[in-house]
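The values are calculated or read from the model by the stated rules, or taken from the named source; none is laboratory data. All values derive from a computational prediction rather than experimental measurement. Heads up, the Cβs are rebuilt from the backbone with ideal geometry, glycines too, and the neighbour counts pull from every protein chain shown.
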Amino acid sequence: MIYVTRKEHFNASHRLHNPEKSDQWNTKTYGKCNNPNWHGHNYVIEVTVAGEPDPETGYVIDLGILKQIIKEKILDPCDHKNLNLEVPFLKGINPTSENLVREFYYQLKEDVDDAASENATLFSVKLFETERNIAEFCPDRAIKIT
């Protein structure tokens, strides 16, 4: 199995807020991230495709095509946007890193799988909200916690 990763970045603002909870609960739970005037991040996204290289090209996926898919599906809709208000596929989602990385994965899945070699698939999406706060979604490696 070979893993190929493309890294990109974008800037966006958001507010962590659960409208079903009180202002006090939101402030206690999310702290500065609940600022009603929003706050921003310089996000880094890593998209990993796993599989066997195509025998003709030697690619698991053409990285130029992967770059274009990430641009179209994630960067164009999200870069310099308010994730709560301006990104249709995030409507109604509290934009925590955990929720964002899952939504980004599903935004990319079909196009990445179509572009990858016959024996390859989207493996994971990793989102760096900050240098130290990172979320990764990889449903094929999921473990069941009981």
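Before moving on, here are some points about what is shown:
- Candidate set from the range 86-113 (those that are among the polar types (S, T, N, Q) and in contact (Cβ under 8 Å) with a residue 12 or more places away in the chain); member that is nearest to residue 5 (Cα to Cα): 107
- Residue check, residue 13 crowded, with 18+ Cβ neighbours inside 10 Å and either free of Cβ contacts under 8 Å to residues at least 40 places away in the same chain or of a type in the set (S, T, N, Q) (or both): yes
- Restricting attention to the range 35-51, the residues being within 20 Å of residue 127 (Cα to Cα) and either free of Cβ contacts under 8 Å to residues at least 24 places away in the same chain or in a loop (DSSP other than H, G, I, E, B) (or both) number 1.
- Contacts under 6 angstrom Cβ, first residue in the range 114-142 being within 16 Å of residue 43 (Cα to Cα), partner part of a helix (DSSP H, G or I) and among the β-branched types (Val, Ile, Thr), 6 or more apart: 125/101; 127/101; 135/101; 137/101
- Residue 97 vs. criteria at pLDDT 95 or above, closer than 12 Å to residue 48 by Cα, of a type in the set (Gly, Ala, Ser) and out of contact with any Pro (no Cβ under 8 Å at 6 or more places or on another chain): no
- If you go through the range 14-53 and keep only what is small (Gly, Ala, Ser) and under 30 Å from residue 71 (Cβ atoms), you end up with 40, 50, 51.
- From the list 34, 94, 42, the one residue that fits, being touching a strand residue (DSSP E or B) at 6+ places or on another chain (Cβ under 8 Å) and surrounded by fewer than 19 Cβ atoms within 10 Å (Cβ to Cβ), is 42.
- Complete set of residues in the range 76-85 that are buried (at least 17 other Cβ atoms within 10 Å of the Cβ) and either farther than 26 Å from residue 34 by Cβ or touching a residue at least 60 places away in the same chain (Cβ under 8 Å) (or both): 78, 81, 83, 84
- Scope the range 52-75; condition within 15 Å of the chain's Cα centre (by Cα), within 20 Å of residue 139 (Cα to Cα) and touching a residue at least 60 places away in the same chain (Cβ under 8 Å); matching residues: 66, 70, 74
- Verdict on residue 83 being modelled with pLDDT of 95 or more and either charged (D, E, K, R) or more than 22 Å from residue 52 (Cβ to Cβ) (or both): yes
- Unmet criterion (only one of (1) within 19 Å of residue 108 (Cα to Cα); (2) assigned to a helix (DSSP H, G or I); (3) not hydrophobic (A, V, I, L, M, F, W, C)) for residue 59: (2)
- The condition (being part of a strand (DSSP E or B), without any contact (Cβ under 8 Å) to a residue 60 or more places away in the chain and surrounded by fewer than 14 Cβ atoms within 10 Å (Cβ to Cβ)) is satisfied by just one residue among 21, 28, 7: 7.
- Selection status of residue 101, within 9 Å of the chain's Cα centre (by Cα) and in a strand (DSSP E or B): no
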